[in-house]
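The values are calculated or read from the model by the stated rules, or taken from the named source; none is laboratory data. Just so we're clear, the structure is a prediction, and the values are computed from it rather than from any experiment. Because the Cβ atoms are built from the backbone with ideal geometry, glycine has one as well, and the counts that use them run over all protein chains shown. With ligands, DNA and RNA removed, areas are computed over all heavy atoms of the protein, side chains included. Shrake-Rupley method; radii C 1.70, N 1.55, O 1.52, S 1.80 Å.
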Amino acid sequence: MTDVPLTESEMPKAYDPKTVEDKWYKYWLEKDFFKPAINPKKKPFTIIMPPPNVTGELHMGHALTAAVEDAMIRWHRMKGDPTLWLPGVDHASIAAQVVVERLLAKEGTNRYKVGREKFLERMWTWTNECRSRIGQQHRRLGTSCDWSREKFTLDAGPSLAVRTTFVNLYNKGLIYRGERIINWCPRCSTALSDLEVDHKDLNGHLWHLKYPLAEGDGYLIVATTRPETMLGDTAVAVNPEDERYTKLIGKYVMLPIMNRRIPIVADAIVDKSFGTGAVKVTPAHDPVDFEIAQRHKLELINLLNKDATMNDNAGPCKGMDRFVCRKWVVEELERLGLLIKIEDYSHAVGHCQRCATVIEPLASTQWFVHMEPLAKPAIEAVKNGRIQIMPEHFTKVYLNWMENIRDWCISRQLWWGHRIPAYYCKNCGEMIVAVD
């Protein structure tokens, strides 16, 4: 057979994107078809693209989102509506920083060795490469965005919007700075929000320990999944309705290893059916214990350095890795005759969403968004039917999340990203929250 040239009216048997897509996309751009024609008499239709992170390349999820949004945009454009699809890219503070730190690790260095200034230079180099790649991929998909308006979340405009919104929420009392239990990632060395923590079911253990009474004979038995945190205990809590412990409320036990007198307190939050019904209270390393400490005015003792090694407050375990400390504490309690038994126990353990490191609950002074007043109208909008969630069974998931939401930790200890617009006077210590 010989090749027969196609006439203009014939269609090739195999689709060749190179002869079609590049040609027509270039034509659309040259004709400014993607720019909105402003008409005050018509209602505009706008989509702000959920900005992809500068962490690599687009994936199938981005392609699916782009296809759906593009169909909606082109439909409204054909209807004659003033139509804008605003493209953008997200600086993705934690995620992008983790990617570049991995690159540095392959080179045998890290961000601390190169220093903040050089590290940020490296971040911008990576970001610019990523933005270019993501933009080209979106163009290859045929997305009809107005590229003349493309935004990056660290551009001057978005940065001003972030600072302005922060200050407005602060002035309304919806943002505050305070000490609460946060999720701390030892590898990323930063606080995380609840949404940045993945909870994985792990097979662990439940250790049953003796806490000797400070006066007279006898002891309390507590059960814990993290024996290393006992070094920071400041109380033992029991349920006030638990008849087994009624006579012990207000008395003291001696904290093993640390030989510290700590009180026995009554608190209704204690689950009588968990373990022995008596729980160790480590306020600086557990959200429930933190709340107990607030009610009973207990001391907070932080045991950890930023890298999850034990600090001065850990006594004989100072300098140990947290998991090495766990092993040492268990062996020491066994030597002292205070370890009663070890049970197999499966429970959910938080991991950093970005690097998969086991996170540590830690009392820390951070910035938070007060969520209750913000969640209330969002809950009502779904309950009264103004917003419908599909599939319907996710309504229950949504309401459970929103009705039990904790205040949102928004501060991070990172070099890459927006900075909290709070300024401190070196002379008097006054804090000023301002846009500039």
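Summary of values
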item: Efficiency of FRET from Cβ geometry, TYR219 and HIS296, R₀ 30 Å, rounded to 0.05; result: 0.90
item: Nonlocal amide H pairs with PHE45, under 5 Å, H built at 1.01 Å; result: THR83, LEU84
item: Computed FRET value (nearest 0.05) for LYS42 with ALA356, which takes r as the C-beta separation and R₀ as 45 Å; result: 0.35
item: LEU64 paired with ILE249, simple spin-label distance in nm, labels 7 Å along Cα-to-beta-carbon; result: 5.3
item: Segment 206-232 residues near the modelled LYS341 label - backbone nitrogen below 15 Å, point 7 Å along Cα→Cβ; result: 206-210, 221-224
item: Order of exposure, largest accessible area first, which applies to LYS172, LYS151, LYS26, LYS426 with probe 1.4 Å; result: LYS426, LYS172, LYS26, LYS151
item: Gap separating the Cα centres of segment 392-408 and segment 16-90, nearest whole Å; result: 32
item: R0 of 60 Å, Cβ-Cβ distance ALA156-GLU241: FRET efficiency to nearest 0.05; result: 0.50
item: Karplus-derived HN-Hα couplings along segment 342-352 (A = 6.51, B = -1.76, C = 1.60, θ = phi - 60°), whole Hz, x at Gly and Pro; result: 10, 10, 5, 8, 9, 8, 7, 10, x, 10, 4
item: P(r) of the chain over all Cα-Cα pairs, binned every 20 Å from zero, in whole percent; result: 18, 44, 27, 9, 2, 0
item: Reciprocal mean inverse distance between Cα atoms of segment 28-134 - Kirkwood radius, Å; result: 16.4
item: Accessible-area composition of the chain, carbon plus sulfur, in percent [1.4 Å probe]; result: 54
item: Whole-number accessible area per residue in Å² for segment 370-421, which is evaluated in the context of all protein chains at 1.4 Å; result: 74
item: Between segment 125-158 and segment 202-266, the alpha-carbon center distance in angstrom; result: 57
item: Cα-based Rg and Dmax for segment 240-347, where Dmax is the largest Cα-Cα distance (Å); result: 15.0, 42
item: 24 Å Cα-Cα reach of LYS341 towards lysines, excluding residues that sit fewer than 8 places from it in its own chain; result: LYS210, LYS272, LYS280, LYS327
item: Ratio Rg/Rh, restricted to segment 294-418 and using Cα atoms, in which Rh is the Kirkwood radius; result: 1.09
item: Per-residue HN-Hα couplings for segment 330-337 [Karplus 6.51, -1.76, 1.60; θ = phi - 60°; Hz; x = Gly/Pro]; result: 4, 5, 5, 5, 5, 4, 7, x
item: Under the Karplus curve 6.51 cos²θ - 1.76 cosθ + 1.60, θ = phi - 60°, whole-Hz ³J(HN,Hα) for segment 367-374, x wherever Gly or Pro sits; result: 9, 10, 9, 6, 8, 4, x, 7
